[in-house]
Amino acid sequence: MIPIAAIAVANPRVRNAKIHKTITDSIDQVGLKRPITVRRVPPGQGGAPYALICGQGRLESCRMLGQTEIAALIVDVDEETGHVMSIVENVARRTPRAVETLEQVRVLKQRGYADSEVAAKLGCTASWVNNVANLLERGEKRLLAAAEAGHIPLHLAVSISRASGGEAQQLLLDAYESGELKGRKVTVVRKILEQRERSGKKGNTSFAKGPAKRQMSPEDLSKLYQRDVEMHRRIQKKAEYTQKSLLLAQQIFKELFASKEFCTLLKAEKLASVPQPLVELAQRGGLTR
C-alpha cells in the first residue's frame with residue numbers, strides 16, 4: 001500500500017467517462033481487484049517517489065472515492081523501460097470476452113449467490129445476470145453464443161428459450177418488423193431456431209462443456225440403427241397419408257371445377273381469383289375456370 005499522493009502520472013490518457021464510471025462503481029462496491037503498477041523514481045529525478053506504469057483508471061477512481069492509499073506492484077526499472085511497459089499494457093488491454101463473464105455467472109450461481117450479489121461482483125445489472133442464468137439453466141448454448149457474438153439481444157434470446165417452435169418464429173418476425181433484428185442477424189437467428197428444432201437446445205460452446213462422449217458399442221450401434229429404421233418407417237407412413245390426402249383433395253377440386261353451379265357461385269361471391277396450383281390442376285383435368 002502506497003500513498004496516492006506519492007504517485008506521478010507521466011503520460012496521462014483521456015478516459016471514456018462511461019467506462020471509467022463503471023470502474024469506479026466496481027471499486028466502490030467490491031474493492032480493487034488488481035493492483036496498479038508503479039516504478040521507483042530515484043531521488044532527484046522527479047517530484048514524486050513513484051511513477052505510474054499502468055492503472056491510471058484505477059488510480060483516478062480510488063482518488064475520486066476519497067481513498068488515500070492504493071495497492072501497487074513496485075518494479076525497479078528505468079524511465080524508458082517503464083514507458084515501454086506502459087505502452088505494451090495499453091495495447092494488450094482488452095474487454096473480457098462475454099464468454100468469460102458467462103462462465104463467471106455460471107460458477108457464482110452454482111455457489112449459491114443471488115442475482116444481485118453476482119451483479120455486484122461482476123459490475124453488471126441484476127437483470128442481465130438473471131437473463132444469463134435463465135439461458136444457462138435451460139441449456140440454451142446456441143442462443144448464449146449468439147448473444148455473445150451480438151447476433152441477438154439477450155432479452156430476445158430469453159424470450160425465445162421460453163417459447164414453443166411457432167411462438168419462437170413469431171418472436172423472430174416481430175423483432176424483424178420492429179427493426180430490432182436486421183439483415184444477416186435475422187438469417188443467423190433463423191438458423192439457430194432450425195438447429196434447435198432438429199437437434200435440441202445444446203450446442204458446442206466453451207462456457208458449458210458437456211461430458212466427453214464414450215465410444216459406442218456394437219449394441220449401441222444396433223439400437224441406433226433400429227431407432228433410425230423406425231423413424232424412417234414413421235416418415236414413410238406420414239408421406240403415404242399425405243399423398244392420399246392430396247389425391248383426395250385433387251379429386252374434390254376437379255369435381256368442383258366441373259360444376260357450373262359452383263363456378264357461378266364463386267363469381268357471384270366475387271371469388272373469381274384462384275390460386276395458381278388450382279388453375280394448373282383444372283387445366284390438367286381439361287376443365288375451364
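The values are calculated or read from the model by the stated rules, or taken from the named source; none is laboratory data. Nothing here was measured: the structure is a model prediction, and the numbers come from that model. Every residue, glycine as well, gets a Cβ built from its backbone with ideal geometry; the counts of neighbours run over all protein chains shown.
A few notes on this one:
- Those residues of the range 36-58 which are under 10 Å from Ala8 (Cα atoms) and assigned to a loop (DSSP other than H, G, I, E, B), in sequence order: Val41, Gly46, Gly47, Ala48, Pro49
- Candidates Ser199, Ser206, Ser217 - the one that is out of contact with any strand residue (DSSP E or B) (no Cβ under 7 Å at 6 or more places or on another chain) and modelled with pLDDT of 75 or more: Ser217
- Some residue of the range 119-133 being over 20 Å from Val30 (Cα atoms), touching a residue at least 12 places away in the same chain (Cβ under 8 Å) and among the aliphatic types (A, V, I, L, M): yes
- Ala48 being among the small types (Gly, Ala, Ser), over 29 Å from Ala120 (Cα atoms) and surrounded by fewer than 17 Cβ atoms within 10 Å (Cβ to Cβ): yes
- Pairs meeting the criteria (first residue in the range 51-80 and closer than 22 Å to Asp28 by Cβ, second residue loosely packed, with under 15 Cβ neighbours inside 10 Å and of a type in the set (S, T, N, Q), beta carbons under 7 Å, at least 6 apart or on different chains) are lacking.
- Extreme residue, modelled with the highest pLDDT, among residues of the range 73-128 that are in a helix (DSSP H, G or I), closer than 27 Å to Ala8 by Cβ and of a type in the set (A, V, I, L, M): Met85
- The residues of the range 237-284 that are outside any helix (DSSP H, G or I), modelled with pLDDT of 75 or more and of a type outside the set (A, V, I, L, M), listed by number, are Ser259, Glu269, Lys270, Ser273.
- Residue under evaluation Gly166, criteria (1) touching a helix residue (DSSP H, G or I) at 6+ places or on another chain (Cβ under 9 Å); (2) at pLDDT below 75; (3) in the same structural domain as Arg106 (by TED's automatic domain parsing), criterion not met: (1)
- Among the residues of the range 151-201, those that are of a type in the set (Asp, Glu) and either touching a Phe, Trp or Tyr at 6+ places or on another chain (Cβ under 8 Å) or exposed (fewer than 13 other Cβ atoms within 10 Å of the Cβ) (or both) comprise Glu167, Glu177, Glu194, Glu197.
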